[in-house]
Amino acid sequence: QVQLVESGGGSVQPGGSLRLSCVASRSISELYAMSWYRQAPGKQRERVAYNLVFTSGSATNYADSVKGRFTISRDNTKNTVYLQMNSLKPEDTAVYYCNAMNEPGGMEYWGKGTLVTVSS
């Protein structure tokens, strides 16, 4: 079982930056994947970034809509995953959720979300 708690959301102007944090209740190095999702009003939830962990290293990917602007990173000693969001656009307005998967196709865990609002 994994509990996830997001923080760092808020209201910013277009072009601004925010860093979201996700603190897990167990070692994130033991989890197959950590991801950030978002859901805007009236839209489906979408995955914006993920980080896969392997014995030999890791792999990271981003949705096309955020590529070059968002960066996912981690601090294993703090069991924390971050999402650095730069050059924010109004289209980025959404509730952002942290997600963890214990193995490929395995059980998933979700945080309760943190709201990001981008407006002029």
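Does the stretch 1-28 hold any residues that are open to solvent by less than 60 Å² (accessible area, probe 1.4 Å) and at pLDDT below 95, and which are they?
Listed by number, the residues that qualify are Val2, Ser27, Ile28.
Kindly establish whether Gln44 is farther than 13 Å from Ser73 by Cα, open to solvent by 60 Å² or more (accessible area, probe 1.4 Å) and free of Cβ contacts under 8 Å to residues at least 40 places away in the same chain.
Details: farther than 13 Å from Ser73 by Cα: yes; open to solvent by 60 Å² or more (accessible area, probe 1.4 Å): yes; free of Cβ contacts under 8 Å to residues at least 40 places away in the same chain: yes.
So Gln44 passes the test.
Taking into account only those residues within the stretch 1-57 that are within 19 Å of Thr71 (Cβ to Cβ) and acidic (Asp, Glu), which is nearest to the chain's Cα centre (by Cα)?
Checked the stretch 1-57; the qualifying residue nearest to the chain's Cα centre (by Cα) is Glu6.
Considering the stretch 95-120 alone, what residues qualify as being part of a strand (DSSP E or B) and free of Cβ contacts under 8 Å to residues at least 40 places away in the same chain?
So the first thing to find is which residues in the stretch 95-120 are part of a strand (DSSP E or B), and the list is 95-101, 108-110, 114-118.
The answer is Glu108, and nothing else.
Note down all Cβ pairs under 8 Å where the first residue falls in the stretch 76-94 and is under 24 Å from Ala40 (Cα atoms), the second is buried (at least 19 other Cβ atoms within 10 Å of the Cβ) and of a type in the set (Phe, Trp, Tyr), and they're at least six residues apart or on different chains.
Sorted first by the residue in the stretch 76-94, then by its partner, the pairs are Val81/Trp36; Leu83/Trp36; Leu83/Phe70; Leu83/Tyr96; Gln84/Phe70; Met85/Phe70; Asn86/Phe70.
Please enumerate the residues belonging to the stretch 86-113 that are buried (at least 21 other Cβ atoms within 10 Å of the Cβ) and either in contact with a Gly (Cβ under 6 Å, 6 or more places away or on another chain) or under 19 Å from Arg69 (Cα atoms) (or both).
Leu88, Asp92, Ala94, Tyr96, Tyr97, Cys98
The values are calculated or read from the model by the stated rules, or taken from the named source; none is laboratory data. Everything quoted here is computed from the prediction, not taken from an experiment. Positions of Cβ are generated from backbone atoms using ideal geometry, with glycine treated the same way; all protein chains shown enter the neighbour counts. With ligands, DNA and RNA removed, areas are computed over all heavy atoms of the protein, side chains included. Shrake-Rupley method; radii C 1.70, N 1.55, O 1.52, S 1.80 Å.
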